[in-house]
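The values are calculated or read from the model by the stated rules, or taken from the named source; none is laboratory data. Since the structure is predicted, the reported quantities are computational estimates derived from the model, not experimental observations. Note that each Cβ is placed from the backbone with ideal geometry, even for glycine, and that neighbours are counted across all protein chains shown. Surface accessibility is based on the protein's heavy atoms, side chains included, excluding ligands, DNA and RNA. Shrake-Rupley method; radii C 1.70, N 1.55, O 1.52, S 1.80 Å.
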Amino acid sequence: MRLLVVCAVDAERACCDGMHHTRAIAGGVGRTNAAAATTRALIEEGPFEAVLSVGVAGSLPGIEPALDPGALVIGSESVYHEEGLLAPEGFRDMTGLGFPLGPFEGNRIPADPGLLGSLRPLGTCGPIATVASCSGTDDAALEVRRRTTALVEAMEGAAVLHAALLQGVPAIELRAVSNTTGDRDQQVWDLSAAFEALATALPLVEARLLDA
């Protein structure tokens, strides 16, 4: 099995150095960069048997038990946060608008079941939100949590899974918690713990997928 790991920045990509059957790229921050980099790699450097969206993330409020820095989250689905309509009665996702984003329900792109089954034991499993703007206020963080039911937020995962799905390649998102969300001056950050968690977990991820 040959894996494609798509990160946003070089510091995340460096956490993949212990993987030996993997092409790891730093595709840039945000969903447009992520989708373009994933598509380009799959077409120009493939074939790959699986795609992993990997990086750090901010933990959202209302999670019990709370996810501390360094906690690993295995995405059961990657959820676009913004796509939809802000109406007087509340937010309506793409299902409510009748305009599908792709071959999946609403704003939610499920992880490949086989990949999820192999990786679920390595961390906390649940939805991961893909946001265009990170939550720097309590209200914003609560809204992301309410709208997506996600455990954490990041900026690329749904776009990576979406691009992989369109190319017919199984995909999943993995994140290590680097910070809390909410009011910016109250956030707690530990990037070192997140990078260490990724560097420790990713060789195990590769081994599990190779043995699957």
* Asked: Is it the case that ALA207 is open to solvent by less than 20 Å² (accessible area, probe 1.4 Å), under 26 Å from GLY117 (Cβ atoms) and part of a helix (DSSP H, G or I)?
  -> no
* **Subset of region 148-185 that is in contact with an Asp or Glu (Cβ under 8 Å, 6 or more places away or on another chain) and not hydrophobic (A, V, I, L, M, F, W, C) - its residue that is farthest from PRO113 (Cα to Cα)** => ASP183
* To do: Take ALA194 and decide whether it is of a type outside the set (Phe, Trp, Tyr), over 20 Å from CYS125 (Cβ atoms) and part of a helix (DSSP H, G or I).
  => no
* Count of region 157-201 residues which are within 13 Å of ALA50 (Cβ to Cβ) and touching a residue at least 12 places away in the same chain (Cβ under 8 Å) -> 11
* Would you check which residues across region 70-79 are open to solvent by 30 Å² or more (accessible area, probe 1.4 Å) and touching a Leu at 6+ places or on another chain (Cβ under 8 Å) and list them? => SER76
* Of all residues making up region 1-33, the number that are more than 14 Å from VAL56 (Cβ to Cβ), surrounded by fewer than 20 Cβ atoms within 10 Å (Cβ to Cβ) and not aliphatic (A, V, I, L, M) -> 10
* Quick one: count up the residues across region 19-52 that are closer than 15 Å to LEU202 by Cβ and either at pLDDT 95 or above or of a type in the set (A, V, I, L, M, F, W, C) (or both). => 9
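Being among the hydroxyl-bearing types (Ser, Thr, Tyr) and in contact with a Leu (Cβ under 7 Å, 6 or more places away or on another chain) narrows it down to one residue among SER192, SER133, SER178; which is it? Break it down stepwise before answering.
Details: SER192 fails: in contact with a Leu (Cβ under 7 Å, 6 or more places away or on another chain); SER133 fails: in contact with a Leu (Cβ under 7 Å, 6 or more places away or on another chain).
Matching residue, one of SER192, SER133, SER178: SER178.
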* Search result, residues across region 95-106 that are within 17 Å of ARG146 (Cβ to Cβ) and either touching a residue at least 40 places away in the same chain (Cβ under 8 Å) or among the hydrophobic types (A, V, I, L, M, F, W, C) (or both) -> none
* To do: Starting from region 1-25, keep only residues that are over 16 Å from SER192 (Cα atoms) and touching a residue at least 40 places away in the same chain (Cβ under 8 Å), then list their pairs with residues that are among the hydroxyl-bearing types (Ser, Thr, Tyr) and open to solvent by 10 Å² or more (accessible area, probe 1.4 Å) whose Cβ atoms are within a distance under 9 Å, requiring at least 6 positions of separation or different chains.
  => ARG2/THR22; LEU3/THR22; LEU4/THR22; VAL5/THR22; GLY18/THR200
* **Test for ASP138: is it acidic (Asp, Glu), touching a residue at least 40 places away in the same chain (Cβ under 8 Å) and touching a helix residue (DSSP H, G or I) at 6+ places or on another chain (Cβ under 7 Å)** => no
* Tally of residues being buried (at least 18 other Cβ atoms within 10 Å of the Cβ) and assigned to a loop (DSSP other than H, G, I, E, B) across region 178-189 -> 2
* Asked: Across region 34-59, which residue is surrounded by the fewest Cβ atoms within 10 Å (Cβ to Cβ) among those that are over 14 Å from the mean Cα position of the chain (by Cα) and of a type in the set (A, V, I, L, M, F, W, C)?
  -> ILE43
* Wholly within region 80-177, which helices (runs of 4 or more DSSP H) include no fewer than the required count, namely at least 1 residues that are over 17 Å from GLY62 (Cβ atoms) and open to solvent by less than 20 Å² (accessible area, probe 1.4 Å)? -> 113-119, 157-166
